[in-house]
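Q: Have a look at the structure that comes next, please.
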Amino acid sequence: MSRRRIQVKSHQVKCRPLQLTDFTTKEISFRIDRAVRSFMAETSPADEYRLFTTYDPPDETVGQFLEPAQDVPQLLAGVSTQRYRLLVSQIWPEGGNSLWPHLAEIGRDVSASFCARFVIEIGCPHSSTDLRQPGPLEQSLLGVLADEIGVGFWPNNNRDVTDSAAHLIYEASVARANSATLAEGEVIQALGLRIDYGRVPEILPVDDRRLVRRVNALSDITRGC
């Protein structure tokens, strides 16, 4: 199973392009050398590092340092975005000096190793902030909870997907405000999931959405007896 580390950035202004200072200053709290140092500090680095943003297409200050990476799948199914990778050959020409501050003390080889795993995703839609009228982001979250985690299905068929999403959003907001990290058990608790399958009575209700009806099967069996 691959591991992925994601940092999400959003903006409230009408037009906000991705720009060079996003990587070379503390403007959005994502200075590139700090991301590389985080990569270096891991004994088992993630397979992918991703900056996931609501920003508009890159402006002229950073465009020369990027290459399209539309072959990389978008983070959320059904959410149309643009993906890019950093061009190490432009940031740090072979045999030359780094054009970006702070990377020189890290080294070109390590920076290149990080950039090979780094994806920049832009154009993510803003949250609707209303689960009663879910936008693309909320729809994707509800889909993950229902289709991948199984909220609303046995043994969690008593859990409402929208209610679970609301609890998860609240816990994530609190954790972000406190610079905390939610452990797996805390996420399970926030969702109200039941995972002790050995203790769950094996009552398997019919899910009409998945039921394959065989109306004539009983008659066929009876005639064969």
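Q: Starting from residues that are basic (Lys, Arg) and over 23 Å from residue 19 (Cβ atoms), keep the ones in segment 89-138 and report whichever is surrounded by the most Cβ atoms within 10 Å (Cβ to Cβ). Explain how you work it out, then say what you get.
A: Of all residues in segment 89-138, those basic (Lys, Arg) come to 108, 117, 132.
Applying the additional criterion that residues be over 23 Å from residue 19 (Cβ atoms) yields 108, 132.
Working: 108: 18, 132: 7.
Checked segment 89-138; the qualifying residue surrounded by the most Cβ atoms within 10 Å (Cβ to Cβ) is 108.
Residue-by-condition table, conditions (1) more than 30 Å from residue 210 (Cα to Cα); (2) touching a Gly at 6+ places or on another chain (Cβ under 9 Å):
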{"site": "72", "(1), (2)": "yes, no"}
{"site": "82", "(1), (2)": "yes, yes"}
{"site": "89", "(1), (2)": "yes, no"}
{"site": "92", "(1), (2)": "yes, no"}
{"site": "118", "(1), (2)": "yes, no"}
{"site": "126", "(1), (2)": "yes, yes"}
{"site": "129", "(1), (2)": "yes, yes"}
{"site": "151", "(1), (2)": "no, yes"}
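Q: Mind listing whichever residues of segment 107-135 are at pLDDT 90 or above and of a type in the set (Asp, Glu)?
A: 109, 121
Q: I'm told residue 38 meets every condition in (1) of a type outside the set (Val, Ile, Thr); (2) in contact with an Asp or Glu (Cβ under 8 Å, 6 or more places away or on another chain); (3) closer than 16 Å to residue 103 by Cβ except one. Can you identify the failing condition by its number?
A: Every listed condition holds for residue 38 apart from (2).
Q: Okay, next question. For segment 136-151, indicate whether the set of residues that are on the phi > 0 side of the Ramachandran plot and touching a Lys or Arg at 6+ places or on another chain (Cβ under 7 Å) is non-empty.
A: Looking only at segment 136-151, we keep the residues that are on the phi > 0 side of the Ramachandran plot, and these are 150.
After this cut, where a residue has to be touching a Lys or Arg at 6+ places or on another chain (Cβ under 7 Å) as well, the list is none.
Checked against the condition, which is being on the phi > 0 side of the Ramachandran plot and touching a Lys or Arg at 6+ places or on another chain (Cβ under 7 Å), segment 136-151 yields no hits at all.
Q: Give segment 54-65 a look and list any residue that's out of contact with any His (no Cβ under 8 Å at 6 or more places or on another chain) and of a type in the set (S, T, N, Q), or say none. Talk me through it step by step, then tell me what you get.
A: Of segment 54-65, the ones out of contact with any His (no Cβ under 8 Å at 6 or more places or on another chain) are 56-65.
Residues satisfying the conditions are 61, 64.
Q: Select the helices (runs of 4 or more DSSP H) contained entirely in segment 27-130, then report the ones holding at least 3 residues which are over 30 Å from residue 173 (Cα atoms) and of a type outside the set (Asp, Glu). Explain how you work it out, then say what you get.
A: On the way: elements: 32-41, 88-91, 108-117.
It comes to 88-91, 108-117.
Q: A follow-up question, please. For residue 61, state whether it is touching a residue at least 24 places away in the same chain (Cβ under 8 Å), in contact with a strand residue (DSSP E or B) (Cβ under 8 Å, 6 or more places away or on another chain) and of a type outside the set (D, E, K, R). If you could, list the steps in order and put the result at the bottom.
A: Numbers: touching a residue at least 24 places away in the same chain (Cβ under 8 Å): yes; in contact with a strand residue (DSSP E or B) (Cβ under 8 Å, 6 or more places away or on another chain): no; of a type outside the set (D, E, K, R): yes.
So residue 61 does not fit the description; no.
Q: While we're looking at this one, here's another question. List every residue pair whose Cβ atoms lie under 8 Å apart, where the two residues are 6 or more positions apart in sequence or sit on different chains, the first residue falls within segment 128-152 and is closer than 19 Å to residue 11 by Cβ, and the second residue, located anywhere, is surrounded by 15 or more Cβ atoms within 10 Å (Cβ to Cβ) and of a type in the set (Gly, Ala, Ser).
A: Every condition considered, the pairs that remain are 128/135; 135/127; 137/127; 138/127; 138/165.
Q: Quick check on residue 74: is it of a type outside the set (A, V, I, L, M), closer than 23 Å to residue 17 by Cα and modelled with pLDDT under 95? Show your work before the answer.
A: Working: of a type outside the set (A, V, I, L, M): yes; closer than 23 Å to residue 17 by Cα: yes; modelled with pLDDT under 95: yes.
Against the criterion (of a type outside the set (A, V, I, L, M), closer than 23 Å to residue 17 by Cα and modelled with pLDDT under 95), residue 74 qualifies.
The values are calculated or read from the model by the stated rules, or taken from the named source; none is laboratory data. Quick caveat: nothing in here was measured; it's all calculated off a predicted structure. Ideal geometry is used to build each Cβ from the backbone, glycine not excepted, and the neighbour counts take in all protein chains shown.
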